[in-house]
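K.L.:
I am attaching a structure below and will ask some questions about it afterwards.
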Amino acid sequence: MLSALRKKKPASGAGYSVEGDDSPSRSSARAAAVGSSKEEEELRQKMTSMRRTEVGNITTLRGKQQNVTESLQDRTFTRWINYKLHAAAERSSLASGGVGEPSTSALGVQEWTDLRSGAQDAEMFAGLLEVLTGKRVLRGPKKTGPVSDFNNRANLEEVFTFLHNVEGLQLVGTGPQDILNGNMKLILGLVWVLILRYHLQPMLGVKDTKVNATKAMEEFLKWVRKTVVAFPVAVRDFRSSFSDGRVLCSLVEAFCPGTFDLKKIDTANGEQNCTMGT
């Protein structure tokens, strides 16, 4: 009788551990839990990958948009520079009684093919400044042959000294080395400062040469609105209002009637419209 009682096990939970219980139901529960954990981890990995891809796509798109913007500004600013050089050559030709098509070479300056190469060539840059200011920039005689990198850098430093000490331009954060490094953002900013000082301010009647860029931009925006008032475009700022290219094309049309049929301009293709406008 005592032997039988000793052999009889109490019910589960009455003092015996069940940790080693490998019943089918518990095995299935553990398998389900493991499977669920793997699915959650896979889902997290997929979501992380998707976020990284999305961020990468946005970064790539922004990079492309920046490249397009820089390319448009490069072409536009280069055309402004060459316009100034040709206008000076024409004035010089008329003053000397010359005949035929005036050439910038008669002034001892060269046309710019793009901003980077033009700004990096100190003598070309100095030639532009001499046309804009009517003042001598480089103190030494102009070279007729190739200029060494050392002399070119020295001349470029002289150009910056002229801009700062003679013309009073505050070029914060931009120096000769930035130009030689081909930093397009700073080169574009430098040329924009020249456009403000030597084109927009005189055109807008702003006599204070120390007027800040914000004030000059406000005056320029007023001029744009007044110029395109006859066209069905709204000019609020220089970013969103110019993004589809219609304002730019309207400006061209205002000065060169018949260049564009503004009704046929596709507002969804801003890049092409801006390219046409420049």
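The values are calculated or read from the model by the stated rules, or taken from the named source; none is laboratory data. From a predicted model like this one, the values you see are computed outputs, not experimental measurements. Cβ atoms come from the backbone with ideal geometry, glycine included; neighbour counts cover every protein chain shown. Protein only, heavy atoms only, side chains kept; ligands, DNA and RNA dropped before computing areas. Shrake-Rupley method; radii C 1.70, N 1.55, O 1.52, S 1.80 Å.
K.L.:
Probe 1.4 Å, all protein chains in place: accessible area of K135 in Å², nearest 10?
P.N.:
Its heavy atoms expose roughly 90 Å² to the probe.
K.L.:
A further question follows. Starting from the 7 Å offset along Cα-to-Cβ, what nm value, one decimal, do you get for the label separation of R75 and T48?
P.N.:
4.4
K.L.:
Not counting ligands, DNA or RNA, and with a 1.4 Å probe, what is C256's accessible surface area in Å² rounded to the nearest 10?
P.N.:
So the heavy atoms of C256 present about 70 Å² to solvent.
K.L.:
How many nm separate the modelled label positions at H199 and R236, each set 7 Å beyond the Cα in the direction of the Cβ?
P.N.:
Simple spin-label model gives 2.7 nm for this pair.
K.L.:
My understanding is that a pair violates if its Cα-Cα distance is over 29 Å; which of K84/K185; K226/K264; K215/K264 do that in this structure?
P.N.:
Table pairs above 29 Å Cα-Cα are K215/K264.
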